[in-house]
Amino acid sequence: MLKLVRDEAVRQATVTRRLAFAVCVLFAGPAGAQGPLSSPRMTCADAMALVKRDGTAVLSLQPGKTERFVSDRSFCAMSEIAELRFVPTRDNPECPVGYRCREPDYGDWDWP
């Protein structure tokens, strides 16, 4: 009788774990499939707030062209510099949304 009760408890725990896993997979799937947000559909204030809030964001500038923007240089690699970028938004054709990380060119150095 004791073995039967223990087997039932193990079975219930297994079913509960499987159900919890299925729920996690169900809700995690669509979030990972989201594409980049389209900057021409956003207002300038919304695009700037998104980059500032998250620190980094990938925006679609036009179909097939995406770019990563950061709020400051701390999101760039050690060898990269942060360059201010302007993107078209719904209400501003040149919105200063954030910075783009890039490797510096020869002309970027302040040579005497």
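None of the figures in this text is laboratory data; all of them are computed from the coordinates on show. Being a predicted model, the structure only gives us computed values, none of them experimental. Glycine also receives a Cβ, built like all others from the backbone with ideal geometry; neighbour counts cover every protein chain displayed.
Observations, loosely collected:
- Checking the stretch 72-86 against the condition returns no match, with no residue being without any contact (Cβ under 8 Å) to a residue 12 or more places away in the chain, of a type in the set (D, E, K, R) and more than 13 Å from L37 (Cβ to Cβ).
- R53 satisfies every condition listed in (1) under 16 Å from the mean Cα position of the chain (by Cα); (2) under 19 Å from D108 (Cβ atoms) except (2).
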